[in-house]
Amino acid sequence: MRTLLLLLVCLCVSAGSIAQDRDNPVVVVNFVSVDDVDIPLFYQYLSFVAEMQSLRVEEGYIDFFHVWEVMHDSYPSGDIQYVIAARTSLEHTIMPPMEDWQGYASELASRGIESPFPMGSYDISKIYQGYFELAEADEITFAEIVNTVGDGQDIAEPGWIASMNFMRATSSDYQALEAQLLDMNEADIAAGGKDGWGFIGNVNGYPTDTPVTHMTLDFWNSMESFLSPSSYEMTSEDLSLVEDVVEARDLRRLLRARLIIAK
């Protein structure tokens, strides 16, 4: 399936006051594969589309636009190179709002931001076409269940590291069990082990070829933080909970990625 996560992420919404009042927040996540020979051109597209997505953040149609570059993939094929994510509301994924795309294009042109597309085109249909010719992608929409970042930080600057754990539930109790990991992870954050943790569930069931019910995410605000050991020592209660959680999940895949674009 030739689709592009970035552009599918265009189904997202909001910032400012809209973001603060967001109902039913979801994160639209795209997992992108690009042939090595096309990566330089793909970077040009990423840079250009990120500027357009930044305008969408300003207008309140999305909360954020993130591009993560994969450093490690547990699959032997290692076919995912980028993870692209944006937060919106579930309603906006079902019925996307009308947006002034030509207004975005005009604003970019007025700022002197050049289009990488043939003849400098800002035409949205050509932008989609350019992505479809370059990349293959799978998209999953996740509902936020638990999301915490230590010390009031926000994931707003490139350089963050994330571990993304793709799970398939083996027990109907998985949501309650995963959510109980919050206290342990907050203690680990306080002890310097990580800078954030999240638990998100698949809204739309299983994608075609990667059965995933939910993900957990560990965040570090830099490589230095990622490499720093935690002073947190797990209690016997922690160990018992982890055993229960592990029994309720089938770890399907692990990605480790570095944030390269944050809007």
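Quick notes
- Length released on extending from Ser236 to Gln102, taking residue separation times 0.36 nm less the Cα-Cα span: 42.4 nm
- Built amide H within the under 5 Å cut-off of Trp160, gap 5+: Leu259
- Across all C-alpha atoms in the stretch 144-262, the radius of gyration and Dmax reach 14.5, 41 Å.
- Unit Cα scatterers, Debye sum, the stretch 165-233: log10 I(q)/I(0) for q = 0.12, 0.14, 0.19, 0.22 Å⁻¹: -0.39, -0.51, -0.80, -0.93
- Extension gain (nm, one decimal) between Ala143 and Ile94, 0.36 nm per residue minus Cα-Cα: 16.3 nm
- What the phi angles of the stretch 33-40 give under the Karplus curve with 6.51, -1.76 and 1.60, with θ = phi - 60°, is a coupling list of 10, 9, 4, 3, 5, 9, 4, x Hz, glycine and proline written as x.
- Summarising the amide proton neighbourhood of Phe65: residues at separation of 5 or more, or on other chains, whose placed amide H is nearer than 5 Å comprise Lys263.
- Each Lys or Arg adds one and each Asp or Glu subtracts one; over the other residues with Cβ under 15 Å from the Cβ of Met215, this totals -1.
- Charge sum, other residues only, whose C-beta stays under 9 Å from Val28's C-beta, Lys/Arg counted +1 and Asp/Glu -1: 0
- Cβ-based exposure ranking for Leu239, Leu90, Leu46, Leu177, in which fewest neighbours within 10 Å come first: Leu239, Leu90, Leu177, Leu46
- The length gained by stretching the chain between Ile260 and Glu114 to full extension, at 0.36 nm per residue less their Cα-Cα distance, is 50.6 nm.
Every number in this text was worked out from the coordinates using simple rules, so none of it is lab data. Keep in mind that what you see is a predicted model, and the values were worked out from it rather than measured. Counting neighbours? That spans all protein chains shown, and the Cβs are built from the backbone with ideal geometry, glycine included.
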